[in-house]
Amino acid sequence: MSAAQPRPQPNGPPPVIDCQVHAYERDRPERPWAASLVGPPEATGDQMVAAMDAVGVDGALLVSPFRMYRYDASYALEVQAQHPTRFGLIKPFNPIAPDIEAQLEAWAALPGTVGARLLLTDGFGEAASTAHSGAHRLLASAAEHGLPVNVLCWHKLAELGALAAKHPNTRIVIDHLGLPQPFHPPPPRQPFADLDDVLALAALDNVAIKVSGACTLSRQPFPFDDLWEPLARIFDAYGFERCMWGTDWTRAVELVTYQEAVHAFSITDRLADSERHALMGGSLTRIYGWAPGAAT
């Protein structure tokens, strides 16, 4: 697993890092979409970098979008090759693949790769079953290669807890607060209905959480004041050292602008500077062993 060195920050704060963004090209025969995704017709690596530059985001974890590309991360690899100092890479894996260990080993050896992804939510059939040996093989192999496993697990929080408890040496990262998040307005009526189940997972030391896409759960306009009470409970349970801010751009495009998703955390007075620095990059650097900087 490669790890770039942080950009020098002799007189300023540490790098700001978005824990989840997506990039994709237009649907074309050479790389067809498997299905459509909410968002613009394209969100290229160049466009993502421009959006980040406009609001002071130094780097991001680029997650290959399953909806479009399934388990093929070839476009994400192209983007990382073009912008090696800006993106760390995560891709989804099919845990029931017979060669899952070999796939993890090959992925970990590529430049810029920092993590794997497991999709446990309903709709993925046998691949989403923690009873299948594949999920356990994926987690064991990820631990061997030092890859944190990002898990989309809404409505499957108890199953994730049991899985994480059996693999204490594997770093597990809960995607998107562990809560269902909308693709279109309006936000859900009770967006934090499963919060107690999310908080219970904090008892497992190997579990961290992405505070990604949070703004899409707000029922108020920017600066989304109704988010801070439930988020404070998450920060208290996990500690800022296990919490990572992110936008889930471009999935969130119909509910929030990229600038709003950044500024809701970067300029709020609800966070002390030390908390903000941990949440918006410091914890991610430690958990993934990656920061924007010189290509390796």
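Of the residues contained in segment 199-217, one or more are found to be touching a residue at least 40 places away in the same chain (Cβ under 8 Å), within 20 Å of the chain's Cα centre (by Cα) and over 21 Å from Ser283 (Cα atoms). Every residue in segment 1-42 that is modelled with pLDDT of 95 or more, of a type in the set (A, V, I, L, M, F, W, C) and either closer than 23 Å to Val151 by Cβ or in contact with a strand residue (DSSP E or B) (Cβ under 6 Å, 6 or more places away or on another chain) (or both), please. Those that are modelled with pLDDT of 95 or more, of a type in the set (A, V, I, L, M, F, W, C) and either closer than 23 Å to Val151 by Cβ or in contact with a strand residue (DSSP E or B) (Cβ under 6 Å, 6 or more places away or on another chain) (or both): Ile17, Cys19, Val21, Ala23, Ala34.
Out of all the residues in segment 244-296, which are charged (D, E, K, R) and within 30 Å of Pro41 (Cβ to Cβ)? Asp248, Arg251, Glu254, Glu260, listed by residue number.
Total residues in segment 148-157 satisfying the condition of being in contact with a Lys or Arg (Cβ under 8 Å, 6 or more places away or on another chain) and not β-branched (Val, Ile, Thr): the figure is 3. Put simply, of Ile209, Ile172 the only residue that is under 15 Å from Asp248 (Cβ atoms) and among the aliphatic types (A, V, I, L, M) is Ile209. The number of residues in segment 145-166 that are more than 18 Å from the chain's Cα centre (by Cα), surrounded by fewer than 20 Cβ atoms within 10 Å (Cβ to Cβ) and not small (Gly, Ala, Ser) comes to 3.
Scanning segment 258-291 for residues being under 22 Å from Thr85 (Cα atoms), more than 16 Å from the chain's Cα centre (by Cα) and not polar (S, T, N, Q) gives a total of 1. Of the residues in segment 129-142, not one is touching a Gly at 6+ places or on another chain (Cβ under 6 Å) and either over 22 Å from Ile90 (Cα atoms) or part of a loop (DSSP other than H, G, I, E, B) (or both). All of Leu201, Leu147, Leu195 fail the test of being modelled with pLDDT of 95 or more, aliphatic (A, V, I, L, M) and out of contact with any Gly (no Cβ under 8 Å at 6 or more places or on another chain), apart from Leu195. Residues in segment 68-85 that are out of contact with any helix residue (DSSP H, G or I) (no Cβ under 6 Å at 6 or more places or on another chain) and over 16 Å from Asn150 (Cα atoms): Met68, Tyr69, Asp72, Ser74, Tyr75, Ala76, Leu77, Glu78, Gln80, Ala81, Pro84, Thr85. Among the residues making up segment 44-67, those that are within 12 Å of Thr250 (Cβ to Cβ) and more than 17 Å from the chain's Cα centre (by Cα) are Thr44, Gln47, Ala51. Screening segment 66-96 for residues that are more than 22 Å from Arg31 (Cα to Cα) and at pLDDT below 95 and picking the one that is surrounded by the fewest Cβ atoms within 10 Å (Cβ to Cβ) gives Ile96. Give the number of residues within segment 83-106 that are out of contact with any Ser or Thr (no Cβ under 9 Å at 6 or more places or on another chain) and closer than 13 Å to Leu62 by Cβ. Result for segment 83-106: 4. Evaluating Ala232 against the criteria (1) over 20 Å from Tyr258 (Cβ atoms); (2) hydrophobic (A, V, I, L, M, F, W, C); (3) crowded, with 17+ Cβ neighbours inside 10 Å leaves one unmet condition, (3). Only residues that are of a type in the set (A, V, I, L, M) and farther than 19 Å from Val55 by Cα were counted across segment 254-283, and they come to 1. Selection of segment 142-182 for residues being closer than 14 Å to Ala116 by Cα and of a type in the set (Gly, Ala, Ser) yields Ala142, Ala143, Gly146.
The values are calculated or read from the model by the stated rules, or taken from the named source; none is laboratory data. All values reported here derive from a predicted model rather than from experimental measurement. Cβ coordinates were reconstructed from backbone atoms using ideal geometry, including for glycine residues, and neighbour counts include every protein chain displayed.
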